[in-house]
Amino acid sequence: MYPSRFEYVAPESVADAISVLAQHGDDAKVLAGGQSLIPLMKLRFAAPSVLVDVNGIEQLKGLEQSNGHLRIGALVRHKDCERSQLLQGRYGVLGSAAPQISDPIVRNLGTVCGSIAHADPQGDWGSALLAANARVVAEGPSGIREIPISEFFFGPFTTALQGAEIVTEVRVPDPGPRAGGAYLKLERKVGDFATAAAAVQVELDDAGTISRAGIALTAVGPTNVRAERAEQRLAGAEPSAEAFSEAARLAAEDAHPIADHRGDVEYKRNVVRVFVERGLAAAAAAAREGS
Ligand SMILES: Cc1cc2nc3c(=O)[nH]c(=O)nc-3n(C[C@H](O)[C@H](O)[C@H](O)COP(=O)(O)OP(=O)(O)OC[C@H]3O[C@@H](n4cnc5c(N)ncnc54)[C@H](O)[C@@H]3O)c2cc1C
């Protein structure tokens, strides 16, 4: 099906984009990679009358480390993350998630920020960024604000973004050299959304004790789910098989999958348990190696 008729604008600055969005309210939509929005428009599940294409805004480019954090600009594509050396080592949870998103065609165009703005509970970036304790930078008519990613997702396809706000970048705090991460995803075939997936980051102190663990789950709740009890179980603990097993059990308990064509509830919960346990072991090993 063809999308409904729409007006297309391509502003060259964030200020101009916000001004068009503010002028048209709910009728206007940001267009980034188009990998979620265009299919929805073709199915006529979305029918914005104005598309605000942000791809020409220079300020939204850039994947770099500076001022104690990794900056992922709104035009950074999944494929940029897949290929970046920066996303290895201490940012390994992000580097591990990137190549598991869909297929090369989607990864060439889709953006990290578009993915979280879309807020699909099956989206992979939401979990990876929760595990990494990221912050979302949004700019709108009232100025710029930073939102912890743990407060960003309100429900399926619903976020903390307010009218005419644009996600300009995501900031991932530098976890230091003794950090590692992993993203484990079960998909029925290459290119599919997750049946269930787990994002894990482990940070060690100088004595080798876990100073912080970040654990988040994909496709097992109305949003990407932060497994807080599992994280708390690990803070200050030795990185042992017993601690990982206990944390994995807590994460599985806090998952709320629904039965569908990808599997039943107990199956998905068990995948979460196994993936969190495996992910913690892999992340701790990477953290010991350092970067
Ligand atoms: C076949 C297929 C398979 C896929 N498989 C996966 C998968 O396995 N895992 C996964 O995580 N994703 C998957 N996706 C989704 C893909 O990752 C999209 O790229 C992503 O969800 C949206 O990013 P985008 O840049 O394409 O955003 P767009 O489609 O351009 O926009 C999506 C929504 O976010 C809004 N938006 C975009 N950017 C911003 C911004 N900077 N500020 C405010 N609002 C914004 C738009 O207005 C729109 O509402 C798949 C998509 C397809 C088509």
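The values are calculated or read from the model by the stated rules, or taken from the named source; none is laboratory data. Fair warning: this is a prediction, and the values are worked out from it, not measured in the lab. When we count neighbours, we look across all protein chains shown, and the Cβ atoms used for this are built from the backbone with ideal geometry, even at glycine.
So the values come out like this:
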item: Qualifying residues in segment 96-106 (those that are crowded, with 22+ Cβ neighbours inside 10 Å and part of a helix (DSSP H, G or I)) - the one nearest to the ligand (Cβ to nearest atom); result: 97
item: Verdict on residue 54 being over 30 Å from residue 198 (Cβ atoms) and buried (at least 18 other Cβ atoms within 10 Å of the Cβ); result: yes
item: Per-region count, segment 77-95, residues surrounded by fewer than 24 Cβ atoms within 10 Å (Cβ to Cβ) and of a type in the set (Val, Ile, Thr); result: 0
item: Selected residue (criterion: nearest to residue 114 (Cα to Cα)) from residues of segment 57-92 that are acidic (Asp, Glu) and within 16 Å of the chain's Cα centre (by Cα); result: 80
item: Filter result for residue 190 (outside any strand (DSSP E or B), surrounded by fewer than 18 Cβ atoms within 10 Å (Cβ to Cβ) and either at pLDDT below 95 or in contact with a His (Cβ under 9 Å, 6 or more places away or on another chain) (or both)); result: yes
item: Pair list, Cβ under 6 Å, 6 or more apart: segment 31-43 residue over 13 Å from residue 55 (Cα atoms) and near the ligand (Cβ under 6 Å from one of its atoms), other residue of a type in the set (Val, Ile, Thr) and modelled with pLDDT of 95 or more; result: 35/106
item: Members of segment 136-194 found to be of a type in the set (D, E, K, R), within 15 Å of the ligand (Cβ to nearest atom) and over 30 Å from residue 20 (Cβ atoms), listed by number; result: 185, 187, 188, 189, 192
item: Residue that is farthest from the ligand (Cβ to nearest atom), among those in segment 57-75 that are of a type in the set (Gly, Ala, Ser) and surrounded by 17 or more Cβ atoms within 10 Å (Cβ to Cβ); result: 73
item: Segment 166-194, residues that are of a type in the set (Asp, Glu) and more than 27 Å from residue 86 (Cβ to Cβ); result: 192
item: Long-range neighbours under 6 Å by Cβ, at least six apart or interchain, first residue at positive phi within segment 114-142, second outside any helix (DSSP H, G or I) and near the ligand (Cβ under 9 Å from one of its atoms); result: 119/157; 119/159
item: Those residues of segment 1-26 which are closer than 19 Å to residue 162 by Cα and at pLDDT below 95, in sequence order; result: 25, 26
item: Residue 169 vs. criteria closer than 14 Å to residue 32 by Cβ and in contact (Cβ under 8 Å) with a residue 60 or more places away in the chain; result: yes
item: Residue pairs meeting the criteria (Cβ under 7 Å; at least 6 apart or on separate chains; first in contact (Cβ under 8 Å) with a residue 24 or more places away in the chain, in segment 90-103; second of a type in the set (Gly, Ala, Ser) and assigned to a helix (DSSP H, G or I)); result: 92/286; 93/128; 93/131; 94/128; 97/128
item: Segment 104-113: number of residues that are without any contact (Cβ under 8 Å) to a residue 24 or more places away in the chain and in contact with a Lys or Arg (Cβ under 7 Å, 6 or more places away or on another chain); result: 0
item: Criterion (in contact with a helix residue (DSSP H, G or I) (Cβ under 8 Å, 6 or more places away or on another chain) and part of a helix (DSSP H, G or I)) met by exactly one of 249, 278; result: 249
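Matching residues to (1) closer than 26 Å to residue 223 by Cβ; (2) of a type in the set (Asp, Glu); (3) touching a residue at least 40 places away in the same chain (Cβ under 8 Å):
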| residue | (1), (2), (3) |
| --- | --- |
| 50 | no, no, yes |
| 63 | yes, no, no |
| 66 | no, no, no |
| 79 | yes, no, no |
